[in-house]
1. Residue A:68 fails exactly one of the following numbered conditions: (1) open to solvent by 40 Å² or more (accessible area, probe 1.4 Å); (2) under 24 Å from residue B:144 (Cβ atoms); (3) of a type in the set (D, E, K, R). What is the number of that condition?
2. Looking at A:124, A:131, which is the one that is more than 10 Å from chain B (Cβ to nearest Cβ), within 15 Å of the chain's Cα centre (by Cα) and buried (at least 20 other Cβ atoms within 10 Å of the Cβ)?
3. Of the numbered conditions (1) open to solvent by 30 Å² or more (accessible area, probe 1.4 Å); (2) assigned to a strand (DSSP E or B); (3) of a type outside the set (Lys, Arg); (4) within 23 Å of residue B:4 (Cβ to Cβ), residue A:75 fails exactly one; give the number of that condition.
4. Among (1) open to solvent by less than 70 Å² (accessible area, probe 1.4 Å); (2) in contact with a strand residue (DSSP E or B) (Cβ under 6 Å, 6 or more places away or on another chain), there is one condition residue A:60 misses while meeting the rest; what is its number?
5. Identify the residue in region A:81-114 that is within 7 Å of another protein chain (Cβ to nearest Cβ) and part of a loop (DSSP other than H, G, I, E, B) and, among all such residues, is least open to solvent (accessible area, probe 1.4 Å).
6. Suppose we keep only residues that are under 21 Å from residue A:98 (Cα atoms) and open to solvent by 60 Å² or more (accessible area, probe 1.4 Å) within region A:1-25. Which one would you say is farthest from the other protein chains (Cβ to nearest Cβ)?
2 protein chains.
Amino acid sequence: MVDILHKIGIEKASATDAYKALTSHDGLSAWWANGTSGDSDTVGGVIKFRFGERGGFDMKVLKLEPARRVLWEVIDGPAEWIGTTIDFDLRPQDGWTLVYFKHQGWKEPVDFMHHCSTKWGVFLVSLKSLLETGKGAPYPDDLKIDSWE
Amino acid sequence: MVDILHKIGIEKASATDAYKALTSHDGLSAWWANGTSGDSDTVGGVIKFRFGERGGFDMKVLKLEPARRVLWEVIDGPAEWIGTTIDFDLRPQDGWTLVYFKHQGWKEPVDFMHHCSTKWGVFLVSLKSLLETGKGAPYPDDLKIDSWE
């Protein structure tokens with residue numbers, strides 16, 4: 001089992017605000033992939049994230065617990081991602097909202113997994129920035145981290 | 001087995017430059033922990049990384065391959081870190097230096113591991129910035145990612 005795990009703390013934003021940023025087109029487009037479409041706020045819905053020429057991912061919404069949890073399964077995209085799950089667990093603590101993130105189900109710790117681990121960190125910093133300052137850095141304005149991008 | 005894996009690409013910097021940033025006080029102090037001391041460029045040496053009131057880590061240098069690889073073992077610091085290894089694998093590719101990073105040997109995917117995974121990503125972005133622009137963001141000028149900091 002090889003998982004990508006992250007944690008980020010968001011100050012002065014409620015878990016409800018974080019949940020909105022994870023379940024609305026406006027939110028997802030403002031920290032992860034500009035132009036996100038599909039059905040992002042219904043269990044069973046399919047969300048389409050696109051990253052220009054690099055393609056993208058279709059995610060099926062598996063669980064939604066308002067202000068608490070969002071769970072997706074990748075149903076289309078790069079082979080290594082298909083069948084993996086992406087889990088956002090929101091925990092309020094002392095005026096912060098802590099986001100525990102898990103991208104699980106990778107079969108092997110491939111090159112692409114190393115890239116995605118770092119890149120998820122960059123995008124979670126973008127989520128934090130969006131909620132704290134009103135401005136994230138979603139694709140195509142994301143920080144490019146290596147020669148793939 | 002739970003590992004923290006990352007990859008970052010550094011443009012217009014050689015693997016020799018990256019190796020220097022991983023094995024010299026000046027380099028380590030400029031992207032990770034300001035005021036790094038100890039013996040950082042000898043196999044068997046012990047490097048001391050400190051983060052103010054939060055304490056720090058003592059690392060024993062296990063392997064050094066110039067312009068290729070740096071491997072440390074944690075011998076003092078937070079209990080979860082002791083005995084874990086930190087591995088920087090440098091690979092030149094098409095004018096870039098790719099850094100494959102592994103922090104291995106975690107016993108359990110604890111809360112602190114989630115934090116450290118994101119924080120290593122932030123510090124690897126700092127390493128990239130140091131080598132590409134001359135300016136990193138080491139502690140205490142690092143991006144704070146959650147309520148622990």
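The values are calculated or read from the model by the stated rules, or taken from the named source; none is laboratory data. Values in this document were obtained by computation on a predicted structure and should not be read as measured data. FYI the Cβ positions are ideal-geometry reconstructions off the backbone, even for glycines, and counts take in every protein chain you see. What goes into the accessible areas is simple: the full protein's heavy atoms, side chains included, and nothing from ligands, DNA or RNA. Shrake-Rupley method; radii C 1.70, N 1.55, O 1.52, S 1.80 Å.
1. Single failed check for residue A:68: (2).
2. After ruling out the rest, the residue left standing is A:131.
3. (4)
4. Among (1) open to solvent by less than 70 Å² (accessible area, probe 1.4 Å); (2) in contact with a strand residue (DSSP E or B) (Cβ under 6 Å, 6 or more places away or on another chain), the lone unmet condition for residue A:60 is (1).
5. Looking at the filtered set, the residue picked out is A:109.
6. A:20
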